[in-house]
Amino acid sequence: MSQLKELWTYLPPRRQRQMFLLLILMLLSSLGEMVSVGSIFPFLSAFSNPENILNNPKLKLIFDVFSIETPIELITLLATGFILTVIIANGIRLITVHFRIRFASAVGADISNQIYHKTLQQSYIFHVSQNSSHLIQTVTVDTDNLTQNVLIPLATLINNAFIIPALITTFIFIDGTIAFGTAILLGGAYIIIYRTRRKLLTRNSKIITEAGQKKIKVVQEGIGGVRDILLSHNQEFFEKVYQKSEYSLKKAKATNNVIAQSPKFFIEALALSAIALLALSLGKNGDFSRVIPILGSLALGAKKLLPTLQETFNSLAKIQGSKASITRVLIGLRRQVNNQLKISAIQSLTPLPLKKELKLEEIWFRYSEETDWVLQNLNLTIQAKTTVAFVGSTGSGKSTTADLILGLLQPQKGSILVDDLPLEGERLYRWQKNIAHVPQSIFLCDGTIAENIAFGVPHEKIDLEQVKKAARLAQIAEFIEYLPAQYDTYVGERGIRLSGGQRQRIGIARALYGDASVIVFDEATSALDNATEKEVMKAIESLSHNFTIIMIAHRLSTVEKCDRIFELSQGQVITEGTYQELLDKSTKFRHMTTAI
Ligand SMILES: Nc1ncnc2c1ncn2[C@@H]1O[C@H](COP(=O)(O)OP(=O)(O)OP(=O)(O)O)[C@@H](O)[C@H]1O
Ligand SMILES: [Mg+2]
């Protein structure tokens, strides 16, 4: 309950207003139900004993208005009234159902959008420490579950909270004792069943979310690593993990479904037996004129009340069975968005140029408080428009340093200075507009070459001239312009149709598409063969002295021409200088050159 209240606070005010209107509609619909069930009573009474009603002095005025004298006229009037109320009541009910489901779905969409928004706005450090299948599960499956199994049932529950008392009140008008008995009997039975089943529903809800997440993970891993799987023929391992999650997921869902549906049969038997027993006791004294209207109204009432009670139970069961999803959705919603500035404001900032130098001063960094320091008092200075390289053994902190320079990570101690001013607040965002990154493996999106070069820019806003310029600088223009569709050539999700060298050059073109003048290449050529690497290096070298270039490389041949090389070890710069100087100074560096 407190979880649902918290969920409510995340809704935009517009939805809260809509909820209010919906409540009014629900109230109307319950009044409609009352009238439609209530109106069967006079109708059936007139059938069994018309004279009695016709002679009722209290109703005389009404009969005069409609000029009713004979029983058949009376029954026709009541029948017409009954038909009209039933049509109107059901009409209102239909409208309510429509708005109820639409509203709950819209709320589900609001929440899902908010979680995706908040997830994308999290810092890089958040993403490197999270399991992506968990995030995907929350954004997609959990929020969908929330709509289908929490919000829609919840709206139903609220609706029924109007309808059930309305129906019972109608019964009280017809016969107080019977109404009271029915309420206790049916309500009690449902409550007992719900209480005994609640734990199982909650347990299954956990199984459902956990197995669902495992499923996403194994699909991601299986399809992402399909090359290795095909080569090592270990499909069976992935299938087994998938099957296990799938079976337990479906089993838990099925059990919850059965629990939600099962009371119906039990209760229906109970209610019908009760009606039969009631008929017996009412009919004992031989006065059937009272039996028929009461039984008739009760039968209609039961026809309405039983499904409503069942629906209420079903909704409660669904909500209980989705508790784990609610918890996860709330975790997603509670995430704070740290940006001081709105994205639109950031987008309109001008890039911060690097005029003189970039300086890292006494930098200390670790990924979390529980882990060791990755960078320990790291110092280095990069002159504008030079090409520098970070070398060092694996795990020495090269990529981490690059991510700090990119402003993706923030140091716990020390400062990063651009032309002597620290990278903070707005300056950080402006700096990020001036810096681009080419990773070891380029992520290609499903789209055209132009869309991949101008990554994340809406199709109609792509500046084709700029794309061409970037492609030329990245030395891929010739290849692209040779293709029949040129820049509109479609590239599959994983760029299946491009070679490694072409992909990397697309990545370089992407880095050059913006206004960046500082480019970080993190092992951008490491996965390429020697000949292809030379081609890509040519593209990178052609940029030197127009751009500030930071290269991270394992192969030392790629850093030979750099103006300055920093050798990192255990999170510190241990030597720096030109290639030749490092050969003279550093034995480790000499070893690296001979090792390759
Ligand atoms: N997300 C992370 N969470 C915790 N520790 C991390 C994370 N990423 C990297 N590290 C640790 O930080 C250290 C430096 O990693 P980094 O990736 O910067 O090294 P690197 O020099 O780029 O290595 P490589 O040459 O293998 O790419 C390593 O010890 C690594 O285990
Ligand atoms: Mg690295």
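The values are calculated or read from the model by the stated rules, or taken from the named source; none is laboratory data. Being a predicted model, the structure only gives us computed values, none of them experimental. Virtual Cβ from ideal backbone geometry, glycine too; neighbours counted across all protein chains shown. For accessibility, only protein heavy atoms count, side chains too; no ligands or nucleic acids. Shrake-Rupley method; radii C 1.70, N 1.55, O 1.52, S 1.80 Å.
Helices (runs of 4 or more DSSP H) wholly in segment 423-492 with at least 1 residues that are surrounded by fewer than 17 Cβ atoms within 10 Å (Cβ to Cβ) - which ones? Let's see the steps before the verdict.
On the way: elements: 425-433, 449-453, 464-473, 477-482.
Counting at least 1 such residues, we get 425-433, 464-473, 477-482.
Being within 14 Å of Gln137 (Cα to Cα) and modelled with pLDDT of 85 or more, is that true of even one residue in segment 216-228? Can you show your working first?
Looking only at segment 216-228, we keep the residues that are within 14 Å of Gln137 (Cα to Cα), and these are 216-220.
If we keep only those that are modelled with pLDDT of 85 or more as well, we get 218-219.
Yes, there is a match, as at least one residue in segment 216-228 is within 14 Å of Gln137 (Cα to Cα) and modelled with pLDDT of 85 or more.
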Subset of segment 54-68 (residues that are more than 16 Å from Gly81 (Cα to Cα) and open to solvent by less than 50 Å² (accessible area, probe 1.4 Å)): Leu54
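Identify, from the list Phe313, Phe265, the residue that is among the aromatic types (Phe, Trp, Tyr) and either buried (at least 20 other Cβ atoms within 10 Å of the Cβ) or not assigned by TED's automatic domain parsing to the domain that holds Thr202 (or both). Let's see the steps before the verdict.
Details: Phe265 fails: either buried (at least 20 other Cβ atoms within 10 Å of the Cβ) or not assigned by TED's automatic domain parsing to the domain that holds Thr202 (or both).
One residue alone meets the criteria, Phe313.
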task: Being open to solvent by less than 10 Å² (accessible area, probe 1.4 Å) and not in a loop (DSSP other than H, G, I, E, B) is the filter; apply it to segment 559-578 and report the residue that is nearest to ligand 1 (Cβ to nearest atom).
output: Leu568
- prompt: Going by the conditions given, is Ile550 assigned to a strand (DSSP E or B) and open to solvent by 80 Å² or more (accessible area, probe 1.4 Å)?
  reply: no
query: Counting just the residues of segment 245-260 that are modelled with pLDDT of 90 or more and basic (Lys, Arg), which one comes out nearest to Ile191 (Cα to Cα)?
result: Lys251
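Just to be sure before I move on: is Ala524 modelled with pLDDT under 80, within 16 Å of ligand 1 (Cβ to nearest atom) and either touching a strand residue (DSSP E or B) at 6+ places or on another chain (Cβ under 6 Å) or part of a helix (DSSP H, G or I) (or both) in the structure I sent? Can you show your working first?
Values: modelled with pLDDT under 80: yes; within 16 Å of ligand 1 (Cβ to nearest atom): yes; either touching a strand residue (DSSP E or B) at 6+ places or on another chain (Cβ under 6 Å) or part of a helix (DSSP H, G or I) (or both): yes.
Yes; evaluated as a whole, the condition is true for this residue.
For segment 88-128, which positions are part of a helix (DSSP H, G or I) and within 16 Å of ligand 1 (Cβ to nearest atom)?
The first filter runs over segment 88-128 and keeps only residues part of a helix (DSSP H, G or I), leaving 88-120, 124-128.
Residues satisfying the conditions are Tyr124, Ile125, Phe126, His127, Val128.
Table: residues versus (1) surrounded by fewer than 20 Cβ atoms within 10 Å (Cβ to Cβ); (2) in contact (Cβ under 8 Å) with a residue 12 or more places away in the chain; (3) in contact with a strand residue (DSSP E or B) (Cβ under 6 Å, 6 or more places away or on another chain).
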residue: Leu135; (1), (2), (3): no, yes, no
residue: Asn149; (1), (2), (3): no, yes, no
residue: Ala161; (1), (2), (3): yes, no, no
residue: Leu167; (1), (2), (3): no, yes, no
residue: Phe173; (1), (2), (3): yes, yes, no
residue: Ala179; (1), (2), (3): yes, no, no
residue: Ile193; (1), (2), (3): yes, yes, no
- prompt: Looking at segment 533-547, is at least one residue more than 16 Å from ligand 2 (Cβ to nearest atom), open to solvent by 20 Å² or more (accessible area, probe 1.4 Å) and among the basic types (Lys, Arg)?
  reply: yes
query: Here are some conditions: (1) within 16 Å of ligand 2 (Cβ to nearest atom); (2) closer than 28 Å to Asn434 by Cα; (3) out of contact with any Lys or Arg (no Cβ under 9 Å at 6 or more places or on another chain). Gly501 meets all but one. Which one does it not meet?
result: (1)
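Answer yes or no: is there a residue in segment 397-405 that is within 28 Å of the chain's Cα centre (by Cα), within 16 Å of ligand 2 (Cβ to nearest atom) and within 16 Å of Met551 (Cβ to Cβ).
Taking segment 397-405 first, the residues within 28 Å of the chain's Cα centre (by Cα) are 403.
Still in the running and within 16 Å of ligand 2 (Cβ to nearest atom): 403.
Right, trim to within 16 Å of Met551 (Cβ to Cβ) and you get 403.
Looking for residues that are within 28 Å of the chain's Cα centre (by Cα), within 16 Å of ligand 2 (Cβ to nearest atom) and within 16 Å of Met551 (Cβ to Cβ), one finds at least one in segment 397-405, hence yes.
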- request: For Lys561, indicate whether it is of a type outside the set (A, V, I, L, M, F, W, C) and free of Cβ contacts under 8 Å to residues at least 24 places away in the same chain.
  value: no
